[in-house]
Amino acid sequence: MLRTRVKDINVAYQIRGQGRPLLLVHGFPLDHSMWRFQFEILATEYQVIAPDLRGFGQTTRGTAPISMKQFAEDLSDLLDALAIFEPVTYCGLSMGGYIGWEFWKNFPERICRLIQCDTRSIGDTELMARGRRQMASRITAQGPNGSTLAADNMVPKLFSEHSAQAVPERVSQLHSIIAGSDYQMIAETQYALARRAEATHWLPDINIPTLLICGEHDAISPADEMQAIATAMPNATIEIIENVGHMAPLEHPQAVNDLIRQFLKQTDSSC
Ligand code: MLT
């Protein structure tokens, strides 16, 4: 991992390859390693940057309040620090996707294509937000063991039954990553997720080429909801991957890589 100072944080990131920049943004509460099956292969044609978000992986927490907008600002600051000023292809998963909407909203000049995997545009309902706040207090109450509680609670929802059978080691690796995360950061980010902006009304204005990828059995960002996102966006296509849950890039890397590479090839002229 490389590290660079960005305002109040030390950002840990991987960067490889040459060509147009492609930013890979992980979900909650994970780190850059969830892209490990995409990173190398995409770096044969693009300059791929995979950071750990503020407070996750090896990136420090800093002092700024946590929000999806703050994460987006951190990414823009990281691009400045890396002297990447041309527009990037932004690729996020789930929370990485929520940050993607904010990145487009706040830094439209920095983005020329969007790849959104297993994500949503709607904000939390009051019921969902309450569930998150309750989970956050349980995690905080447990202290450092709260991360294991979060992992036990989340991991069963992340993979399809098929993937849990086919690639059990990836399920346990993800459990270890969550269990190894900072419990306070997990709790704080739950509050930030509960407060995140409703992005659905932005969708008709996002006219950059967009690829939406969703697992057929995604229990967190259901395929029919992502279909509605595709319909609301003027320049989006959607691909549903069979037998896959919420973690499409980890569950079926080959399918995800093929879709991303094909999309990038087809839309290179607009970037
Ligand atoms: C994620 O994978 O980033 C989370 O499941 C997002 C969420 O909790 O809404």
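More than 33 Å apart: what percent of Cα pairs in the chain qualify? For the chain, the share of Cα pairs beyond 33 Å comes to 12 percent. Beta bridges from DSSP with both residues in the chain: antiparallel share about 30 percent, rounded to the nearest 5.
Think of the chain as a dipole: +1 on every Lys or Arg Cβ, -1 on every Asp or Glu Cβ, centred on the Cα centre; then among Ser147, Phe103, Thr237, Ser147 lies furthest on the positive end. Rolling a 1.4 Å probe across the protein heavy atoms gives region 68-164 an accessible surface of 38 Å² per residue.
If the elastic network links every pair of Cα atoms under 10 Å, which of Gln116, Gln165, Gln134 fluctuates the most in the Gaussian network model of the chain? The residue that fluctuates most here is Gln165. Computed about its Cα centre, the charge dipole of the chain is approximately 640 debye, with only Lys, Arg, Asp and Glu carrying charge at their Cβ.
Surface composition of the chain: carbon plus sulfur atoms hold 50% of the accessible area, using a 1.4 angstrom probe and ignoring ligands, DNA and RNA. Exposure check, 1.4 Å probe, all protein chains in place: Phe28 carries approximately 20 Å² of accessible surface. The alpha carbons of region 129-207 give a radius of gyration and a Dmax of 15.3, 45 Å, in that order.
For Leu23, the shell of other residues with beta-carbons less than 14 Å away shows a net charge of -3, using +1 for Lys and Arg and -1 for Asp and Glu. Oblate is the label for region 168-256, because the ratio a/c of its alpha-carbon gyration tensor axes (a ≥ b ≥ c) is 1.5 or higher and a/b is not greater than b/c. The candidates Asp74, Asp224, Asp268, arranged from most to least accessible area with a 1.4 Å probe in the full protein assembly, appear as Asp224, Asp268, Asp74. Which lysines, on any chain, are close to Lys69 with Cα under 21 Å apart, when same-chain ones fewer than 8 places away are left out? Hits, sequence-local ones excluded: Lys7, Lys105. In this structure the amide hydrogen of Ala219, modeled in the peptide plane, comes within under 5 Å of the amide hydrogens of His246, none closer than 5 places in sequence on its chain.
Taking 4.7 Å between beta carbons as the limit, the unpaired Cys residues of the chain are Cys91, Cys117, Cys214. Longest stretch of the chain clear of exposed loop sites (GluC sites (Glu not before Pro), DSSP loop, at most 12 other Cβ atoms within 10 Å, sites excluded): 1-197. Estimated at the nearest 10 Å², the accessible area of His175 is 50 Å² with a 1.4 Å probe. The figure for Met95 is an accessible area of roughly 0 square angstrom, using a 1.4 Å probe on the protein chains alone.
Using every pair of separate Cα atoms, the Kirkwood estimate puts the hydrodynamic radius of region 3-58 at 11.5 angstrom.
Basic side chains Lys and Arg get +1 at the Cβ, acidic Asp and Glu get -1 at the Cβ, and with that the dipole of region 58-154 about its Cα centre reaches some 380 debye.
The values are calculated or read from the model by the stated rules, or taken from the named source; none is laboratory data. Computed from a prediction, not measured in an experiment: that's the story for all the values here. Cβ atoms come from the backbone with ideal geometry, glycine included; neighbour counts cover every protein chain shown. These area figures cover heavy atoms from the full protein model, side chains too; ligands, DNA and RNA do not enter into them. Shrake-Rupley method; radii C 1.70, N 1.55, O 1.52, S 1.80 Å.
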